[in-house]
Structures are given as structure tokens and as C-alpha cells.
Amino acid sequence: MQRSQTSKTPKQPLQVHKHQTDLSAWQKGGRIDPEKSVQNHQSPNDQKNGSKPDSLEQALSFFEKLQDSVSLKKDHALQKHLTTVESIALQRGLPPEGFAILLNVALSGKFADTLNTHLLKSLVPASVIPENSVVSSVSWLCVGKCSGNVQLLFLKWLITMFDFIDHKEQIYALYGFFFSFLQDEKMCPYVCHLLYLLTRKENVKPFRIRRLLDLQAKMGMQSHLQALLSLYKIFCPELVTITLPGKVKTYFKNSEGPWKAAINAVRQRNKQNSPVPRLLFLGTVQLRSRKRKWNTQLIIPANSTNKNDLEEDREKNHVDLYRMNESFPVEQLQTFPQLLQNIHRLEFPSQMGSVLTNPLLLHYMNCIKDESVFLRLYYWMSQVLQEECTWCVADNYQHEEEFKDFLETVYKTECFLQEGFSSCEEFLYRSLPLWDGFSCRSQFLRLVSWIPLNSFSEMKSHLYDPLAQLFFTSSLYFKCSVLESLKELLCNWLNWHVIHLNSESGFQVHSLNTTLSGLVNTVAELVHFVGWISTVALRLENNTTFLLYFILDFYETVCDMYLGYNLPLLIMPPAGIFYPALLSMDSVSLNQLCYIMYRYRTNLVAAKENELSKQKILQFKFSRQTYQEYNQYVIAMVGCLWTSSVFQKDVHPRGLRMDDELLKKTAVQEFKTSFNIVYHPALMGYAVHFLQQAWPDDTTFNFSLIKGKKWNWYLEYLYAQGLKGLKVFIESSINRVSQASHSKAGSVKA
Amino acid sequence: MSVVQPFDKLPIPNSAACLLVGSDEGLQQRLAEALLLEKKSFKISIHLATSLPLPSERDHLRPRIDLIVFMIDIKSKYSLENVEASLAYVDASFFLGKVCFLVTGVGRVNSCSVEISAVWKLGEAYCSPVLFCELELEGIRVATAQRLLRMLQICAGHITGVSALSFGLLMRNSDDN
């Protein structure tokens, strides 16, 4: 219905096509229609050149009636009409109905090659090319009446104009015919290119793969054959087992031929005048630079599948049983209800990359859990990432920006599917050792958080080592972002574990045949790695609170692994983290540490109870050492916060234990009662405020006044200041015999 | 011919000296400028050389060198050979954490003529870290300058509790040992 506006002829005298809804359907697509708002007005130019369409019409009807072999030189009428067609075609493009006529003439073989070549060269569409004109010309091609040159030219034309063809359903059906042309040595490269554009999953058959391999054996490694084979491999990695070179500069020679200038001219013209054809141009792949491959492939091609009856579908609004086997074109999938209605007859687009930007298809992918779909996506992605591994290119800023966008898209997809991609993992392992820590920083670090669970040896050399080097030499902010993404990584692993624990009989996750002990080891290595780099970083950055926050944030996940994620693993933070946090000048860090120690206690107590009650046979139990370490830390903490006895009682080898002689030298009077919740450097500020409020007249800051009942008030005051971590720690870990100041440390005994 | 020594002179308080060795003087200059532009809490002196040994006649004017950065351009084989030849004029105790290799030109991997593995091997053989960067891009140049400054700070002993040697050990890949 929109066609009448798009074609350049005011009348449509020759042929009316039945599939005319597709443009409107596509227009409704919303995906690629920034031009929707442009009005569909007829351009003034069309009216100005009103005489021309008439002459074109005459020319077309002349060619339609052209019967016998005529000489171009002698027949003046022919010359005149040919000139008309050529000039109009190159300026404004031909209307859809002209193609059948002209192709018919050019490929029938009745006329001289000069005429045929001229005609083919002038076949530039103004809007679309009707499918049946192409089909009939393919039948001419099969008859084989035209010369080799004309055949080649036609193929080049078809490749260039591929995206202008209005439907491709019937052309797809001709796949076998095109395939048979492969044996012609001259045509082979172009046929390969055409097949590359046409191939869909169902076209990939073992016999075709064999045929291609035979051809390759005969003709040597040809880039066009490789292209087709690699596409086959994308669709069916299980069938194409040969390895193909990953890095191929150009698969196909530039086959744009003589039409490029004309297409551009027509495009320019259409840009100014009519909105609809421009939509078509947005879908043409050939016109884009190849460098932008990753982003172009994110767009679902216009006619990726064969059905175009969306309108009908909407009207019927129910599932047609007799059409069960037909597939629903993914480019028309716009709403969630549509997805639900058509979920049984969806087919993934040939460009797997376009799935990344389509949430509906991602939903679909998530729900069908088809291994081969993931394989196709991985294969495509690893190809793109391998080719474009250069994240920074010295002379192309634009390139980096686009690459960033692509990585961002991949990350979002991973978040959506809650699944790390192995192709991304490979990319990271390849890139991290060469990375400067600056370009695409946030994208790289975000992708790190989705690295799938793996055996440690690989992670160590590929991830941890290069990351550690960058970490130690880079800025504080870089350190914090690394810690943040490692925390995300840990969370993703733990979530993965929980989900698979709950659905043990569920589907097998690709390439991860992890046992529980393997998982525990891998997680433990990650936690140890973070513990190690954090200890060093605190040293390098002089115990900055900012850094400490990120480190403790990581341990907030670690301390809850047993209860929160059902993983039989608890790892205490190393002393290099514990003591800086305990003696921090900042109440935030101390509060965080208190909360973490409280969670450790809860987890350990729960583990102990499970162990004692023997409700189930435990495969794992926490070692004595973990309990011991916890107890040492708790003694130090209680000493620091409550009993002022940390210098006497801390038994940790790297702890605060000091001889009384040494303490006397500090000239602090009453050192045995001077290091607790009142005097702690992180809390002293609170104590001062408390004193000011409790004894407004006293200006001596006599901290020893805070005792007995006042001590409890002081505690309430601290809790009211938001130190919730301190509250839960004190309430859980300190046994208060009475409400008096007398108190006693309590700890979990191993 | 004199060999660069790490401990032959007394250190100057609150200052650090860095020696950049590389065949591409233009890039060297730009890196040095980036190093000088960075905010820092100590005085820095940067010495540029296309190759070692350093001329001995001006030796008494030079401060103690805290860090030697060997710059290898990934696009030129010569730069690698030049660095390999210069390494002979560095005292062995320098390799206890006071040397690093800076590979430049990562942004033009397509015109790469030095094999990355050769650089890795060099780093392993001399127990020194290898950093990668693209000095032609300003952002990366600044980031690289910051990284080098942190290393220089450690090598000059300005960070309590971390020596050049211990830092060098941290920077080594764990499977080397």
C-alpha cells in the first residue's frame, strides 16, 4: 500500500505485485526507523520532470515487445529507448516493474552482449526490486543462453542489489540452483558471495560441506570458499570440523561493479525526497565500511527470514495451527506477547550478532537452552573479537569508541543471560597481558566479572598474573575498580553455584563439568588472590580508607558464603587486612569489620551445629584452622573494643601483643584501661560528642567518666549514630554477665 | 666504558631519578614531558639516552639512578636490538627491581615487527616487568606516566615498607618461580 508512494512513476501500468505489505510492515518495525517522522510527501522534482516517466514507460513497453535479434547500431528506436532507460536509471533509479522486462531482455540471449551489458548496468532500483523478476532471471541463467560475461555481470548485480529485493522467500528456495553454479570456475567466487548472503541454517547440509571441501581441495584455499565454509561453521559447528584461519582480511573482492556511483546518486536523491526508500538503504550491508562489522551485525537484516505477513497475524490474533511449521520472521518480533504467541516457530537470524541487541530474542535464547545457538553466538563473537582484538588503535579514535560500545553490548547481554561467554573469556586472556590499563578500562573490567568458572591453573597465568601487574602499578581508583569487578566475579560464581545446586538435574552447562570440590578450590583461589593483592595494596596506598572500603566490601560476600550461597567454604581475611581495618582511623571501616566478623561468627556457628547434629553427611567441614583464626581475631577485637587488653591478650603472630615494659615507655598512664570503645581512634570523636552532651559543663574531656550506666548509654549513643555493625558484633560476641561494666569476652570454641 | 650502578652515589632526599633508554627520541621526549606534568610529592629528574653506556665524562653530574626504563618500539626490530645491546652496561644489582621494559606501539599491532614473545623472554631473563602501552595516544601516555611514577617512587624508597626488590618480586609472574 505504501508502494505507490515510493515508486517514481505516478501510474503503475505494467505490473502490480502482490506482496506489497512488507515495506509497511518493516516500517512499523520501529527498530530502524528514525526517519518515520518524515512526511511521505511527493517531491516537487517529480512533478517538474513529469515528462520523463512517460518516456520511460514508452521505453519499457518497447523493450517488452522487443522480439527479434536487432542490432544496436542500426536500430535508432532501440538506441533512443536505451538511452532513456540508462539516463533515468542512473539519475533516479528504475521503478520496480521495470526490472522483469529489462532482465528478461538482457538474459534471454537473443540480443548482442553490448545491449545486454548496457541494460544490466542500468538496473539501478529507485525503491525495490521485485522478487519474481529475479526468479525469472535465474531461470534464464539456468537455461544458459546468455554468454559468460553477462552471467557474471548478472551475479555481481544480484550481490550488489541483494538488499533491495523486496522478498527473498522464493530466492531462498533457489539455493540449490545457485549452489550448482559453484562448479563453474569463473562464477565460483560470485556464487560463493551470493550463497554467503543467502545461507540459512537449514541450507547447511553435509553433502554441501563435502562439495565445498572437494572444491577447496581442487582449487586450493580460496578466500571465497573459506568465507562460505566459515559461515557454515557458524551455523553448524558440529558439522564443519576443519579449522579455518581466523584472520581473513577480505573474503570477497569488491563486487559492487558499475552500480556504486548510481546507487549513491539515487540514495542522495532519495534522502532529500522520499522517506521510505531510505529505510531500505539503512539495511544494505554492502554500503557500510567493513571496519564497523561488529555494530552493523547487531542489526537484524531486513529480510532475514521468509514470511512477511505480520498484518494478517495481528488481525487473526491467534495461533494458526496449520502454519505450525512456518517460521516467524524475527525482524517483525516487537513485543513480548508476540514472542509468547510465536515462540514455537521462531528462527534465529542468520546474523547471530543481532541477537545481542534484541531483548526478546535473548529471552527466547534463555528459554530454549539450545546448545547450538550458544555455539553459533560464541563462534561469531570470537571471530569478531579476534579480528578486532586491537582495542586501541593509534590513528583511529572512532574505532575505539565503537569497540567500546560493542564490548558494552556484550557485557549487557552477559548480564541479561546471567552467563559468561567463553569467547569473551578468550578475548580477555589474550588481551589482558598486553593491556595498558587505560583504554576501554571499564568495559574490560566489567567483562572480567563474567569470566566463567574455570580450573585455576588457567586463571592464574591468564587472568591473575597480568591483572596483578596492572593492579600494583596503577592508581588507587584502578585498584578499587579491580576489586569491585572481582567482587562481581565472585558473586556471579556463587550465584551460578546456587542456581545449579537447586536444579541439579537441570541442563548441563557447557564446558563446565565442575565438581563441588573443583568449585570450592577455584573460589578459594580467587579469595586468596584478592586477599594477597589487597594486603599489598593497603601497604602501597598507606591504608587509605577508600581502598579499605572496597576490600571489606569484597569480604562482606566472602564471610557469608556458607549460609548465603551454600558453599562449604569460609576464608578469613589475612592479617594485613584485618589489622588495618581494626585500627582504622575511620569508623566506617571499623563498623564494616564488625559486621563482617559477626557474619563469620554466624556462619561458623551454623557450620558447627550442622557438623554436630550430623543431619547430613558433610562432604566438607571447615578446618580447625579457620576456627582458630577466627578466635584469634575475635580476641583481638574484643581486646581493642571492650576490655582494653589487646596488648596483653592478642595471640595472633602478627598481632598487637606488646610487653608491659614497652607499653610503659609510651608514657600512657593506665594503659591497661585505655584502649577500648571509648579510646579507639575511630570512635574517639563519638566519645567527645557524647561527653559534651552528657556533661555540658565539663571541658576536661575526662573519658574515664564513661563507665557503668554511662557506658551503656554511650553504647546506645554509638548505635544511634548508625554503627549497626558494631551493634551486632557486640551483641553477638561479647557475653555481658550483668548490665554493669563488668564484661567478658566470648568466642566460638573449636 | 662505565656501567650504570644503582648504589654508587648517595641518594638525594625527597627526589628520584629515572633513566629512559630508547631509540625513538620523539616518543621519549613526550613520555618525559608527561612524567613531568604529573602531580607528585617529590622532585624528579629524568635522563634520556638513546643507548647505553652513558658518557663517563658527565658522570659526576648525574644523580643516582633509581629506575631504568628500556623502551622497545613494537614496530622496529632495531629498538629491541638496541635495548639488548644496552643491557650489557647495566650493573647486575639493578635487576633487583629497578629496571622495567616499556613496550610501545601496541596501538599498531598490524605493523608489528617485534615478536611479543621475544619481549616476554627478555623480561623473564632479566627478572624485570614488561609494561605495554601506546604512547601516541595522550590518555594512555598519561596513564603510563602515572604507572612509571609509582614504580619510581617505590624504587627510590619513598614508600615505607616496600622496597624495589620486594616490589620486583610482586611484579614477577607467579609461574616463573
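If you go through the stretch A:464-478 and keep only what is at the interface with chain B (Cβ under 7 Å from one of its Cβ atoms), buried (at least 20 other Cβ atoms within 10 Å of the Cβ) and over 18 Å from A:GLY531 (Cβ atoms), you end up with A:THR473, A:SER474.
If you go through the stretch B:135-177 and keep only what is among the acidic types (Asp, Glu) and modelled with pLDDT of 85 or more, you end up with B:GLU136, B:GLU138.
Could you please let me know if A:SER431 is free of Cβ contacts under 8 Å to residues at least 60 places away in the same chain and within 14 Å of chain B (Cβ to nearest Cβ)?
The answer is yes for A:SER431.
The set of residues in the stretch A:164-177 that are assigned to a helix (DSSP H, G or I) and buried (at least 21 other Cβ atoms within 10 Å of the Cβ) comprises A:PHE164, A:ILE171. May I ask you to verify whether B:SER163 is within 14 Å of another protein chain (Cβ to nearest Cβ) and either hydroxyl-bearing (Ser, Thr, Tyr) or within 18 Å of the chain's Cα centre (by Cα) (or both)? In short, yes.
Put simply, of B:VAL103, B:VAL69, B:VAL83 the only residue that is touching a helix residue (DSSP H, G or I) at 6+ places or on another chain (Cβ under 8 Å) and not in a strand (DSSP E or B) is B:VAL83. For the stretch B:106-134, filtering for residues that are at the interface with chain A (Cβ under 8 Å from one of its Cβ atoms) and modelled with pLDDT under 85 leaves 5.
Taking the criterion of being crowded, with 20+ Cβ neighbours inside 10 Å and either out of contact with any strand residue (DSSP E or B) (no Cβ under 8 Å at 6 or more places or on another chain) or over 27 Å from B:SER15 (Cα atoms) (or both), the residues of the stretch B:54-76 that qualify are B:ASP73, B:ILE74. The set of residues in the stretch A:618-668 that are part of a loop (DSSP other than H, G, I, E, B) and aliphatic (A, V, I, L, M) comprises A:LEU618, A:VAL651, A:LEU656, A:MET658, A:ALA667, A:VAL668. Checking the stated criteria, B:LYS98 turns out to be in contact (Cβ under 8 Å) with a residue 60 or more places away in the chain, touching a Cys at 6+ places or on another chain (Cβ under 8 Å) and basic (Lys, Arg). None of A:SER127, A:SER137 is small (Gly, Ala, Ser), assigned by TED's automatic domain parsing to the domain that holds A:ARG92 and in a loop (DSSP other than H, G, I, E, B) except A:SER127. When the residues of the stretch A:214-225 are filtered to those that are touching a helix residue (DSSP H, G or I) at 6+ places or on another chain (Cβ under 8 Å) and in a helix (DSSP H, G or I), which remaining residue is nearest to A:TYR190 (Cα to Cα)? For the stretch A:214-225, the residue satisfying everything is A:HIS224. Please go through the stretch B:135-145 and pick out each residue that is within 7 Å of chain A (Cβ to nearest Cβ) and either closer than 15 Å to B:PHE101 by Cα or under 12 Å from the mean Cα position of the chain (by Cα) (or both). Scanning the stretch B:135-145 gives a single hit, B:THR144.
The condition of being at pLDDT 90 or above and either more than 14 Å from every other protein chain (Cβ to nearest Cβ) or buried (at least 20 other Cβ atoms within 10 Å of the Cβ) (or both) holds for only one of A:SER449, A:SER422, A:SER455, that being A:SER449. Scanning the stretch B:1-43 for residues being in contact with a Pro (Cβ under 8 Å, 6 or more places away or on another chain) and among the hydroxyl-bearing types (Ser, Thr, Tyr) gives a total of 2. For the stretch B:77-105, the candidate set comprises residues that are surrounded by fewer than 17 Cβ atoms within 10 Å (Cβ to Cβ) and hydroxyl-bearing (Ser, Thr, Tyr); within that set, the residue that is nearest to the other protein chains (Cβ to nearest Cβ) is B:TYR78. Based on what the data block shows, is A:LYS156 assigned to a helix (DSSP H, G or I) and more than 18 Å from A:PHE207 (Cα to Cα)? So A:LYS156 passes the test.
For the stretch A:417-503, the helices (runs of 4 or more DSSP H) that sit wholly inside it and include 1 or more residues that are out of contact with any Asp or Glu (no Cβ under 8 Å at 6 or more places or on another chain) and farther than 25 Å from A:LEU569 by Cα are A:422-431, A:441-448, A:465-473, A:476-502.
The values are calculated or read from the model by the stated rules, or taken from the named source; none is laboratory data. Small disclaimer: the values here were computed from a predicted structure and weren't measured. Glycine also receives a Cβ, built like all others from the backbone with ideal geometry; neighbour counts cover every protein chain displayed.
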